[in-house]
Every structure is written in structure tokens, then in C-alpha cells.
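Remarks on the structure that follows.
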Amino acid sequence: MDMHNAFSQIVPPELVKTLRTAQRVTVLTGAGISAESGLPTFRDPMTGLWEKYRPEDLATPQAFRRNPRLVWEWYAWRRELVSQATPNAGHRALVTIEQHIPEFMLVTQNVDSLHQQAGSQRVIELHGNIRRTKCFDENVVVENREESEEVPPRCPRCGGMLRPDVVWFGESLPAQAFQTAVEAAVHADVFFAIGTSGTVEPAASLARVAQRFGATVVILNLDVKPLEAPPLYHINGRAGIVLPALVHAAWPE
């Protein structure tokens with residue numbers, strides 16, 4: 001089988017043509033793309049010291065107030081996992097798409113920086129970034145803090161407790177970031193939702209917004225049933241396989 005036929009079995013030829021001529025592409029990514037780099041999703045059962053806990057019981061402001069040490073140490077464990085992960089072929093394929101599209105925006109629900117590590121330039125972080133720390137009281141990011149024996153460490157400005165700069169259950173998304181994401185969905189020629197369950201609001205509404213404003217919408221994850229009904233595509237597969245195939249088919253080297 002030649003390469004062209006192999007790729008056309010993975011990605012619909014009509015979608016390849018649409019992507020090749022697109023001027024504006026918006027991508028929404030979720031935990032599925034990071035899972036291919038070995039990072040557990042929130043739906044995966046936790047292991048080791050944490051197997052008796054549910055993420056929903058730790059990732060809240062109430063949990064932090066109740067037991068700040070426990071929540072800080074859980075995030076320290078998660079940060080360690082993130083520090084060992086590297087971008088995969090799906091992340092890298094999105095970088096290539098960005099290089100070919102005049103107006104590109106990558107909106108991510110992930111907090112692991114793997115898109116930036118891969119080389120993506122235009123990234124909106126809807127749920128924050130686990131590598132950053134902020135003051136629980138002042139809601140201000142703290143850079144270059146001194147190492148401390150205290151768990152959690154203290155804010156150098158006000159003495160309040162530090163927490164990860166991520167959006168917890170019950171907290172609002174950063175307003176400016178979400179507004180920018182909505183505008184990118186409104187103006188998209190092609191909108192991808194990759195590795196996201198499509199159930200977490202308000203991010204899940206972005207695909208519907210894009211569809212309403214006339215975008216070709218591509219849902220790529222392992223939970224969907226295949227559907228090829230332009231301008232809507234459901235592709236059941238891994239980002240690390242499907243996205244490189246799409247890139248190779250659209251812009252052969």
C-alpha cells in the first residue's frame with residue numbers, strides 16, 4: 001500500500017483538502033493527548049499513596065482549606081509526573097499545523113505545558129499551569145520563590161499559603177482566556193476538539209460555537225463513533241497517529 005492510501009484510511013481526504021486551504025484553525029485539547037505521553041487523566045484510578053483518594057475530593061478550594069498539606073503534596077506528586085513527561089507525535093503535529101496556518105489558536109484544558117515544550121506558540125491555558133504557583137489569598141502568581149520547609153510554602157508578599165496555579169472544581173475559568181477562546185472558535189474555518197470528553201463546561205461549548213458559526217468541526221478521541229458527514233467529522237483514534245497522518249497528507253514533504 002502506498003503512503004497516500006495509508007493516510008487516506010486514517011484521515012478523510014475531504015478533511016485534508018479543507019485543512020490545506022484553511023486560513024483560521026482553532027484547536028481545543030484535553031487530557032487524552034497528554035495521556036499518550038504517559039500522564040494519567042482525572043478519570044484514571046490513582047496509584048500508590050493516592051489510590052484511596054478521588055481527584056474531585058482534592059482539587060477544590062475547600063479541600064485545600066481543610067488539609068492544605070495533603071493537597072500540596074498531591075500536586076507535588078503530579079508535578080513530578082509532568083516533569084518526566086515529554087511531548088508526543090500529536091503535540092508535534094499541532095506545531096506543524098500552526099506553521100502552515102495564517103491564524104492559529106491552540107486552547108488547552110491541560111496544565112502540563114507539553115504543547116509549549118513541543119513548540120506551539122499561540123496557546124491559551126483554560127485550566128492554568130501546574131508548574132506555576134500562586135497565592136491562595138491574593139490570587140497572584142509568585143515567581144522565583146525561595147525554597148521552604150513549610151508545606152505548603154508561604155507567599156513572600158503576604159504570608160498566605162501558596163497553591164498551584166490551576167483551576168479547581170468550583171472555580172471560574174480565567175475570563176480573558178475563555179473570551180479569547182470563544183472568539184477563536186467563532187472565527188475558525190476548522191475547529192478540532194482533541195482528547196477531550198466534550199462534557200466539561202464551559203470548554204465543551206466551544207465546538208458547538210464553532211459549528212454554529214460555520215466551521216468544519218473535527219472531534220478526535222477514543223470515545224467517539226466514527227462519523228464522516230462534512231462539515232462534521234468524528235475520528236476514533238489516537239492524536240499521536242491521526243494528527244501526523246493528517247499533516248503528512250495535507251503538506252507532503
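The values are calculated or read from the model by the stated rules, or taken from the named source; none is laboratory data. The shown structure was predicted, so the numbers you read here are calculated from the model rather than taken from an experiment. When we count neighbours, we look across all protein chains shown, and the Cβ atoms used for this are built from the backbone with ideal geometry, even at glycine.
Annotations for the structure displayed:
- Any hit, region 18-29, residues being assigned to a loop (DSSP other than H, G, I, E, B) and touching a residue at least 12 places away in the same chain (Cβ under 8 Å): yes
- Only one of the numbered conditions (1) among the charged types (D, E, K, R); (2) in contact (Cβ under 8 Å) with a residue 12 or more places away in the chain; (3) part of a loop (DSSP other than H, G, I, E, B) is violated by LYS52, and that is (2).
- Residue in region 179-198 that is within 22 Å of PRO40 (Cα to Cα), without any contact (Cβ under 8 Å) to a residue 60 or more places away in the chain and among the hydrophobic types (A, V, I, L, M, F, W, C) present: no
- Any hit, region 143-154, residues being crowded, with 19+ Cβ neighbours inside 10 Å and among the hydrophobic types (A, V, I, L, M, F, W, C): no
Listed here are the residues, each with its yes/no results for (1) basic (Lys, Arg); (2) in contact (Cβ under 8 Å) with a residue 24 or more places away in the chain.
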| residue | (1), (2) |
| --- | --- |
| ARG66 | yes, no |
| VAL71 | no, yes |
| ALA76 | no, no |
| GLY90 | no, yes |
| PRO102 | no, yes |
| LEU114 | no, yes |
| LEU126 | no, yes |
| ASN129 | no, yes |
| VAL151 | no, yes |
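- Residue satisfying all of: in region 130-142; surrounded by 12 or more Cβ atoms within 10 Å (Cβ to Cβ) and of a type outside the set (D, E, K, R); nearest to SER83 (Cα to Cα) among these: ILE130
- The strands (runs of 3 or more DSSP E) found entirely in region 209-253 that carry 3 or more residues being surrounded by 14 or more Cβ atoms within 10 Å (Cβ to Cβ) and assigned by TED's automatic domain parsing to the domain that holds GLY195 are 216-221, 232-236.
- Within region 23-38, tally of residues that are more than 12 Å from the chain's Cα centre (by Cα) and of a type outside the set (Val, Ile, Thr): 5
- Selection status of GLU98, under 30 Å from VAL209 (Cα atoms), in contact with a strand residue (DSSP E or B) (Cβ under 7 Å, 6 or more places away or on another chain) and buried (at least 16 other Cβ atoms within 10 Å of the Cβ): yes
- For THR41: the one exception among (1) surrounded by 14 or more Cβ atoms within 10 Å (Cβ to Cβ); (2) in contact (Cβ under 8 Å) with a residue 12 or more places away in the chain; (3) not small (Gly, Ala, Ser): (2)
- Residues satisfying the stated conditions in region 159-173, i.e. surrounded by 13 or more Cβ atoms within 10 Å (Cβ to Cβ) and not basic (Lys, Arg): GLY160, MET161, LEU162, PRO164, ASP165, VAL166, VAL167, TRP168, PHE169, GLU171, LEU173
- Lone unmet requirement of (1) at pLDDT 95 or above; (2) outside any helix (DSSP H, G or I); (3) exposed (fewer than 15 other Cβ atoms within 10 Å of the Cβ) for SER83: (2)
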